[in-house]
Amino acid sequence: MSFNIDRYAHLRSPLHRWEPRAKLIGLLALIFAFGSVQNVRVLPVMVAIALLLYGRSRLPWRFGLAQLRYPGIFIAMVVLLVPFAGGETVLWQWGILRLSQEGLLTVVRVGVRFLAIVTVTVILFGTTPLAQNLRAMRSLGLPPLLVDMALLTYRYLQEFDGNRRRMQQAMALRGFGYGGSRLSRRTLRCYAQLASSLLIRSYDQATRVYQAMILRGYGAMPRPPGNEPIPLASWGATAIALVVAGGVAIAGQ
């Protein structure tokens, strides 16, 4: 996923109008229900629910596909070996390699659950600004320290990525990457210097930010989370999501 996943939080859709606390409860219930599905027949229903929610969110489809890129690479590396891990029903065999029906079904279950869970996660964090999601988590009982760490980490990753882009652009303007092999000793030395410079700059900046937060009274007077009432329409949407999650979890066993 990208560092600015909430770039489309300003759009207007039923998912954007859903109150963050109620939306967090409803969509997390769907995520846990999707993760518990074992019945292959329920997988198309699960995908249909995820795609329906994404369509109602009015988020660009290209944006959703972009969020699947890096998690998809990781899950693909994991599931590629599963069909050959064992099983009683052998569909194809070549030497010591055996492709089993049970392994293929496991790949289908893992892949489809991954697609549905990531899609709902993108909806959760893409239709509400991150700060509002973190405030909703805090009001639902998440410790304030974890909320602050999550917000600072998110902001820190953005700064880190910005520094990396600027330094790589400066290296390219100075001729880095032209007229030589990318795997040469000089190239590796330049990448090592880039990484070390990023770490040093990031540490110095984190120290300055922490000192500025202390000077402004961080941690001295913790603010209580807001207790604004949740609209009835949001409670209704959460109730529907909980009913759907319960049905998926029961049918998926």
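Label points 7 Å out from Cα along the Cβ direction at A251 and M77: separation in nm?
Label-label distance for A251 and M77, simple model: 3.6 nm.
Quick check: net charge around R21, other residues with Cβ under 14 Å of its Cβ, Lys/Arg +1 and Asp/Glu -1? List each step's numbers first, then the result.
Working: positive: R17, K23, R135, R138; negative: E19, E228.
Combined, the nearby Lys, Arg, Asp and Glu give +2.
What trypsin sites (Lys or Arg not before Pro) does segment 116-202 have in DSSP loop regions with at most 16 other beta carbons within 10 Å?
Hits after loop and neighbour filter: R174, R182.
Could you tally the net charge around A48, taking each other residue with its Cβ under 15 Å from the Cβ of A48, Lys/Arg +1 and Asp/Glu -1?
+3
Pick from I230, I117, I25: which is most flexible by mean-square fluctuation in a GNM of the chain where alpha carbon atoms under 10 Å apart are linked?
The residue with the greatest mean-square fluctuation here is I230.
Take the chain, connect every pair of alpha-carbon atoms lying under 10 Å apart with a spring to form a Gaussian network, then pick out the residue of G126, G111, G175 with the largest mean-square fluctuation.
G175
Here are a few candidate values for volume of the Cα convex hull per residue in Å³: (1) 149; (2) 194; (3) 121. Which one was actually calculated from the structure I just gave you?
Evaluating volume of the Cα convex hull per residue in Å³ on these atoms matches (2).
Along the positive direction of the dipole of the chain (beta-carbon charges: Lys, Arg +1; Asp, Glu -1; about the Cα centre), which of S184, L53, N133 reaches farthest?
S184
Once whole DSSP H runs in the chain are found, which of them have Cα atoms spread over 18 Å or more along the helix axis and a mean Kyte-Doolittle score of at least -1.0? Kindly include the intermediate steps, with their values, before the conclusion.
Numbers: long enough: 20-35 (22 Å, 1.52); 43-57 (21 Å, 1.67); 101-126 (37 Å, 1.60); 144-173 (44 Å, -0.23); 185-215 (45 Å, -0.01); 232-251 (28 Å, 1.91).
Helices meeting the criterion: 20-35, 43-57, 101-126, 144-173, 185-215, 232-251.
So, with +1 on the Cβ of K and R and -1 on the Cβ of D and E, and no other charges, what is the size of the charge dipole of the chain about its Cα centre, to the nearest 20 debye?
Result for the chain is approximately 960 debye, rounded to the nearest 20.
Could you compute the FRET efficiency for W235 and M171, with r as their C-beta to C-beta distance and R0 at 41 Å, rounded to 0.05?
Computed FRET efficiency for W235 and M171 comes out at 0.15.
Where a number appears in this text, it was derived from the coordinates with a stated rule and is not lab data. Predicted, not measured: the structure shown is a model, and the values here were computed from it. Here the Cβ is made from the backbone with ideal geometry for all residues, glycine too, and neighbour counts use every protein chain on show.
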